[in-house]
Amino acid sequence: MIDRPTICGFCSCGCALYVEPKYGGIGALCPSTTHPVSTGRLCIKGWNAIPSLIRADRLRTPLVRKSGSLEPTSWEEAFSTTAEALRRAISESGPKAVGVIGSAKITNEECYSLVKFARGVLGTPNIDGPCRFYDASMVRGLLETTGIPASQIDLNSLQQAGSMLIVGANVMEQLAHVGSRIQDAVESGCKVVAADPRVSRLAPQATLFLHPHPGTDIVWIRALLRTILDRKLYAEGAPEMPGFEELRTSLEDVVMDLLPKTAGVEPSAVIEAASLLAKNPPVIVMFGLGVLQQAGSTKIVRALADVAILLGGSVMPLRGQNNAQGASDMGLAHDYLPGYGSIFDAAARQKWESVWRCEIGADPGLNAVEMIKGCANGEIKALMVFGENVALSAPSTEYTIAALEKVGFLAVSDLYLTETARLANVVFPACSFLEKDGTFTNIERRVQRVRKVLDPLGNSKSDLEIIAGLSTLDLTGSSAKRKVELSNDPDQVMAEVAANVPHYEKVSYQALDQAWGDPWSTNGAKPRLAPVSDRAAHEDTEYPMRLIASRINFHMQTGTMAARSPTLAREYPEAVVELNEADAERLKLRPGTVVKVSSRFGNLTRPVALSDAVPEGCVHVPHFFGGDSANMLAPFDCDAESGVPVYKGLHCVIQKASD
Amino acid sequence: MKVGDKLILKKTSVPMFFASLASEMRIVAPKKRFAGDVVFDVVESPKEIAWDYGHDVYPPGKRFLFPHYEDMFSYRTDGGIKIESLAEAPKQAIVGIRSCDVSAVRFQEKFFGEPIEDPLYAARSKNAVLFSLVCNKPPRKECFCICCDAGPYLDKGFDVQLTDLGDRFLYEIGSEKGLSASSEGGYMLEPARPEDIAERKQIELQADSLFQTASFIAKAITYITSDDVPDQVWEELGSTCFRCAACTNLCPVCTCYTVEDRPEGNGCFTRFRSWDSCQYAGFTREASGHNPRPTFGSRVKRRFYHKASYQYITRDGTHGCVGCGRCVSACLTKLDLPSVVKRIRRAMHEYIKSPHEPAVRKL
Ligand code: SF4
Ligand code: SF4
């Protein structure tokens, strides 16, 4: 029987679908027609990935490491082992020796409880989300510009766009419902200016496609801003916007004539882009991981928001994970609290101290990347990871795995024995979104009801139950009676969120049982223009090629799910690196030759394929399953402002593996 | 009562009628779900039947006769191979199914019936009676069954056909199966009067005139069959595809499936099948790695060859589309049948420069 709808958890579009439980698994699956996003349609992941949540190798029982190997055990033992390890770490080295990393795949209720658990129960400032590996720069960059750390518009307004600027996003392959609406808009006359080092599937939609050199977005976007200012292409009222003069001054050093050399873009193309956008309002500016994982990503986000603000348009950051937005809203970050109050803001801290009845210091602690480093250097003694395969999503895979092996105690909650879970001391079998209630917040800020369709497999539990269960134990060794209460009832948790996070004040399970959820309100945001300075160019002659990393449409995150869907895995049978024919000739590489791509931080080995879509001087590395990804090559160097590692535009070198 | 009878079922008797049928078989019918969504499902009481449902996305004929996921058999490998069938073929009445979907079921029955019978499908379809519901007006703007000779009402092919005449249904018996399913509640049926038949005629005429989507498939059939559509056109079409396969999943005619084994532990496995699609690259990739349909365009071409080339029409008895409009509403881009047919016809005008020049082939 098909009963109530739930929300697809495979990307941030957040389609509503119906799933029929049968055979202890699923018997049927179809999209909702009335839902504002799915509108009767799903993408390849929605159609195929659901069964991958409940494959035979799902973890069904907790595991505890005993004399070297992970052994099945009871929840009691898994919990008591964890409690003991946490007590030891905290009594020996203080709560700051504990780190907690959450996920953007789990529900809002779980994210919120995890933050409360880390800050309130454990008393550690080291709490962060996977946004640190993906898109955290967008939160900071947008808070300082549009004032809204999210998309300003909903998906259905894309169809009304007069023009779009789409930078560094493989959107047609990753966010089908965004891509579909881009096609609709283009059909009704919308002009698309796209920018990507590589020719993507956006090409048929683009009026103008710029192919800047990898890692040079800030250069040509500054030129774009300067053009808009010099030619007075901005919307009426823009000069009165706060920050206008500072922006103008910050762009004084732009030299248009240098663009071909510094960014590989012709000045005339930038001028054309500016005029296409200015002449075709309303403008929507979108950007994806190509921007967000580049060096200086926060700065590029600010620059792109400036473009939107100057032209009187809106911004839609293309965050990929199903609950990326909700995880941010819930304060799953080391530097701010639920609802985006900064950790340095005494009023924000006081508010949450009184809600949670605990103490919160003005200490941003460690972010997720720093926690991994902390595992390596001994600063972190115990790490808890909920739902994120950090071994693969963190940079420099080899270093990360060594760090996770080294940390004194590692607890991991996940559906499968991921590369991270394999290194753990305790593994909690979490259940999937099919098996629990909660909410996800999609790319449009729409807060949506996730409904339990199946009973949890085996002895698995929701992360909410796991967190609440752990919180009842003595985890800190302090004799003082703990005051922080954690509920395992998602409805109750959401009521607490709604009462305290203004963005969610209208959200309730009761309302979500009557109608599809709405995007949270952006009323009261005050946009301002931010100055955008240049970045120091950085060349590396020893590693002359530039890396382009991408994901294809049936891939999500580290591949834990996609690899378990035969139909999805079948679409991508082999990992390759793609090269331009000219480079292949110069390097004497033939299709199929196995090559080693090396950066200063790691290397990977794959056969070569030729592609016209890849510009000369670049290597395209699509993500593959099981950690075979460009992350292996990434350094622990991060965007200084947001802490996001630089995965895009890395310097690398390529040679025959046999040499 | 006999096959061919035209009867009247009063709406006040409808719950009783289907309740009495329910003693013999389960009733599957359109049900309202969240926020106005509709899906066909087993109903506990005839009161749940959403007679005013319009149309649904998830084709009921496929859902209940050729399920999305279907356990076929189990086998064990410990101590010699043992195979046990898991085929399920419940007796069921699919009530309220639209004419297009009935036409699609007939297509699938033929496809799965010959030359080699698919026993799972055969058992299910043997036990299913279709009570179809005439569309007094096309329920959706996407409907174009009228171009496919598959609706909005049927002259043949139905088991029982219902037409809403306000306070009563015209009840037509179209097959032996329909006849026997009518016997339990037969006492509630009365002969139709000439006025009822006249009223029905009026509805037909009106319904025929209300279609908003049209598709001149005949011309596309000619171009496709003679392989005149330039590959460039297919590639241009394919360049917008999202590879979601909704077009084939939700097509009530499409029949492709893949099989997989689910380990159940202790050397036991379940072989199950689930819908597959020609729109996936992996669908035709050979073990060598070679793919005869390597591009999006070549896969879109494949789909339309199967829908509209004469080679298949001769085999299947009809082209592979019933005009239900589901590919129109399910496709993330515009690769639905009416749009592609339109694009092909336009392309042929673009490519045929003068009437004397042949169409450009294989650009
Ligand atoms: S577009 Fe996103 S939410 Fe919709 S079906 Fe695909 S993965 Fe799921
Ligand atoms: S429904 Fe449309 S987008 Fe999806 S595979 Fe079919 S043709 Fe492509």
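The values are calculated or read from the model by the stated rules, or taken from the named source; none is laboratory data. This structure is a prediction, so every number in the text was calculated from the model and none was measured. Glycine gets a Cβ as well: all are built from the backbone with ideal geometry, and neighbour counts include every protein chain shown. The accessibility values were calculated without ligands, DNA or RNA, using every heavy atom of the protein model including side chains. Shrake-Rupley method; radii C 1.70, N 1.55, O 1.52, S 1.80 Å.
Scanning segment B:165-184 for residues that are of a type in the set (Gly, Ala, Ser) and buried (at least 20 other Cβ atoms within 10 Å of the Cβ) yields a total of 4. Condition first: in contact with a Phe, Trp or Tyr (Cβ under 6 Å, 6 or more places away or on another chain), in the same structural domain as A:Tyr416 (by TED's automatic domain parsing) and farther than 30 Å from A:Pro566 by Cβ. Can you find one or more residues in segment A:117-140 that meet it? Yes, some residue in segment A:117-140 is in contact with a Phe, Trp or Tyr (Cβ under 6 Å, 6 or more places away or on another chain), in the same structural domain as A:Tyr416 (by TED's automatic domain parsing) and farther than 30 Å from A:Pro566 by Cβ.
Taken together, the criteria place B:Val105 among residues that are of a type in the set (Val, Ile, Thr), under 16 Å from the mean Cα position of the chain (by Cα) and under 26 Å from B:Tyr257 (Cα atoms). When A:Gly24, A:Gly40, A:Gly46 are screened for being of a type outside the set (D, E, K, R), within 14 Å of another protein chain (Cβ to nearest Cβ) and open to solvent by 40 Å² or more (accessible area, probe 1.4 Å), only A:Gly24 passes. Looking across segment A:311-333, the residues that are closer than 29 Å to A:Asn280 by Cβ, of a type in the set (A, V, I, L, M, F, W, C) and in a loop (DSSP other than H, G, I, E, B) come down to A:Leu311, A:Leu318. Six or more apart or on different chains, Cβ atoms under 7 Å: show the pairs whose first residue is in segment B:273-300 and under 22 Å from B:Asp336 (Cα atoms) and whose second is within 13 Å of ligand 2 (Cβ to nearest atom) and aliphatic (A, V, I, L, M). What qualifies is B:Ser277/B:Ala245; B:Gln279/B:Ala245; B:Tyr280/B:Ala245; B:Gly297/B:Leu237; B:Val300/B:Leu237; B:Val300/B:Leu335.
Conditions tested, residue by residue: (1) more than 16 Å from ligand 1 (Cβ to nearest atom); (2) at pLDDT 95 or above; (3) touching a His at 6+ places or on another chain (Cβ under 6 Å).
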{"residue": "A:Ile443", "(1), (2), (3)": "no, yes, no"}
{"residue": "A:Ile466", "(1), (2), (3)": "yes, yes, no"}
{"residue": "A:Val484", "(1), (2), (3)": "yes, no, no"}
{"residue": "A:Ser487", "(1), (2), (3)": "yes, yes, no"}
{"residue": "A:Met494", "(1), (2), (3)": "yes, yes, no"}
{"residue": "A:Ala498", "(1), (2), (3)": "yes, yes, no"}
{"residue": "A:Leu512", "(1), (2), (3)": "yes, yes, no"}
{"residue": "A:Gly517", "(1), (2), (3)": "no, yes, no"}
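Among the residues of segment A:296-315, at least one is within 25 Å of A:Val507 (Cβ to Cβ), buried (at least 24 other Cβ atoms within 10 Å of the Cβ) and more than 16 Å from ligand 2 (Cβ to nearest atom). Taking segment A:493-533, which residues are within 14 Å of chain B (Cβ to nearest Cβ) and buried (at least 16 other Cβ atoms within 10 Å of the Cβ)? The answer is A:Tyr509, A:Leu512, A:Trp516, A:Gly517, A:Asp518.
Scanning segment A:543-557 for residues that are assigned to a loop (DSSP other than H, G, I, E, B) and touching a His at 6+ places or on another chain (Cβ under 8 Å), which turns out modelled with the lowest pLDDT?
Among residues in segment A:543-557 that are assigned to a loop (DSSP other than H, G, I, E, B) and touching a His at 6+ places or on another chain (Cβ under 8 Å), the one modelled with the lowest pLDDT is A:His555.
Is it fair to say B:Ala347 is at pLDDT below 90 and open to solvent by 10 Å² or more (accessible area, probe 1.4 Å)? Taking the combined requirement at face value, the residue does not satisfy it. If the condition is being open to solvent by 20 Å² or more (accessible area, probe 1.4 Å) and either part of a strand (DSSP E or B) or hydroxyl-bearing (Ser, Thr, Tyr) (or both), then segment A:612-659 contributes A:Cys638, A:His651, A:Val653, A:Gln655, A:Lys656, A:Ser658. Of everything in segment B:243-263 that is over 16 Å from the mean Cα position of the chain (by Cα) and facing another protein chain (nearest Cβ under 8 Å), the residue that is surrounded by the fewest Cβ atoms within 10 Å (Cβ to Cβ) is B:Pro263. Scanning segment B:220-241 for residues that are among the polar types (S, T, N, Q), part of a helix (DSSP H, G or I) and within 16 Å of ligand 2 (Cβ to nearest atom) returns no hits. Determine whether segment A:68-80 contains at least one residue that is in contact with a strand residue (DSSP E or B) (Cβ under 8 Å, 6 or more places away or on another chain), more than 15 Å from ligand 1 (Cβ to nearest atom) and not assigned by TED's automatic domain parsing to the domain that holds A:Ile380. There is no residue in segment A:68-80 that is in contact with a strand residue (DSSP E or B) (Cβ under 8 Å, 6 or more places away or on another chain), more than 15 Å from ligand 1 (Cβ to nearest atom) and not assigned by TED's automatic domain parsing to the domain that holds A:Ile380.
If we keep just the residues of segment B:56-100 that are within 30 Å of B:Asp155 (Cα to Cα) and among the small types (Gly, Ala, Ser), which is surrounded by the fewest Cβ atoms within 10 Å (Cβ to Cβ)? If you could, list the steps in order and put the result at the bottom.
At the first step, the residues of segment B:56-100 found to be within 30 Å of B:Asp155 (Cα to Cα) are B:56-68, B:89-100.
Okay, now just the ones that are also among the small types (Gly, Ala, Ser), so B:61, B:89, B:93, B:96, B:99.
Details: B:Gly61: 28, B:Ala89: 16, B:Ala93: 25, B:Gly96: 26, B:Ser99: 25.
Among those residues, the one meeting the criterion is B:Ala89.
For beta carbons closer than 7 Å, sequence separation of 6+ or different chains, a first residue in segment A:1-13 that is over 30 Å from A:Pro317 (Cβ atoms) and a second that is aliphatic (A, V, I, L, M) and surrounded by fewer than 24 Cβ atoms within 10 Å (Cβ to Cβ), the qualifying pairs are A:Met1/B:Val42; A:Ile2/A:Ala28. With a requirement of 1 or more residues that are aromatic (Phe, Trp, Tyr) and within 20 Å of B:Leu21 (Cα to Cα), the strands (runs of 3 or more DSSP E) lying completely within segment B:45-144 that satisfy it span B:128-133.
Checking the structure you have, find out if any residue of segment B:16-26 is within 13 Å of another protein chain (Cβ to nearest Cβ) and at pLDDT 95 or above. Yes, segment B:16-26 has at least one match. Scanning segment B:276-333 for residues that are more than 10 Å from chain A (Cβ to nearest Cβ), within 16 Å of ligand 2 (Cβ to nearest atom), part of a helix (DSSP H, G or I) and open to solvent by 20 Å² or more (accessible area, probe 1.4 Å) yields a count of 7. Number of residues in segment B:334-351 that are away from ligand 2 (no atom under 13 Å from the Cβ) and over 21 Å from the mean Cα position of the chain (by Cα) equals 9.
The C-beta contact set for segment A:563-592 (first residue more than 13 Å from chain B (Cβ to nearest Cβ), second residue open to solvent by 50 Å² or more (accessible area, probe 1.4 Å) and not aliphatic (A, V, I, L, M), distance under 6 angstrom, 6+ apart or interchain) comprises A:Asn580/A:Glu616; A:Ala582/A:Glu616; A:Asp583/A:Glu616.
Note on segment A:1-21: residues that are more than 7 Å from every other protein chain (Cβ to nearest Cβ) and part of a loop (DSSP other than H, G, I, E, B) total 9.
Restricting to segment B:7-32, what's the tally of residues that are over 30 Å from B:Pro194 (Cβ atoms), among the basic types (Lys, Arg) and open to solvent by 30 Å² or more (accessible area, probe 1.4 Å)? Lay out the reasoning, then the answer.
Keep residues of segment B:7-32 that are over 30 Å from B:Pro194 (Cβ atoms), which gives B:19, B:22-32.
Imposing the further condition that a residue be among the basic types (Lys, Arg) reduces the set to B:26, B:31-32.
Right, trim to open to solvent by 30 Å² or more (accessible area, probe 1.4 Å) and you get B:26, B:32.
Final tally of qualifying residues: 2.
Screening B:Thr240, B:Thr213, B:Thr225 for residues that are within 14 Å of chain A (Cβ to nearest Cβ) and surrounded by 13 or more Cβ atoms within 10 Å (Cβ to Cβ) leaves exactly one candidate, B:Thr240. Taking every residue in segment B:327-343 that is closer than 18 Å to B:Gln212 by Cβ and pairing it with any residue that is more than 10 Å from ligand 2 (Cβ to nearest atom) and among the hydroxyl-bearing types (Ser, Thr, Tyr), at least 6 positions away or on another chain, the pairs with Cβ-Cβ distances below 6 Å are B:Pro338/B:Thr213; B:Pro338/B:Ser215; B:Val341/B:Ser215. If the condition is being in contact with a Cys (Cβ under 7 Å, 6 or more places away or on another chain) and over 17 Å from A:Gly215 (Cα atoms), then segment A:600-652 contributes no residue at all.
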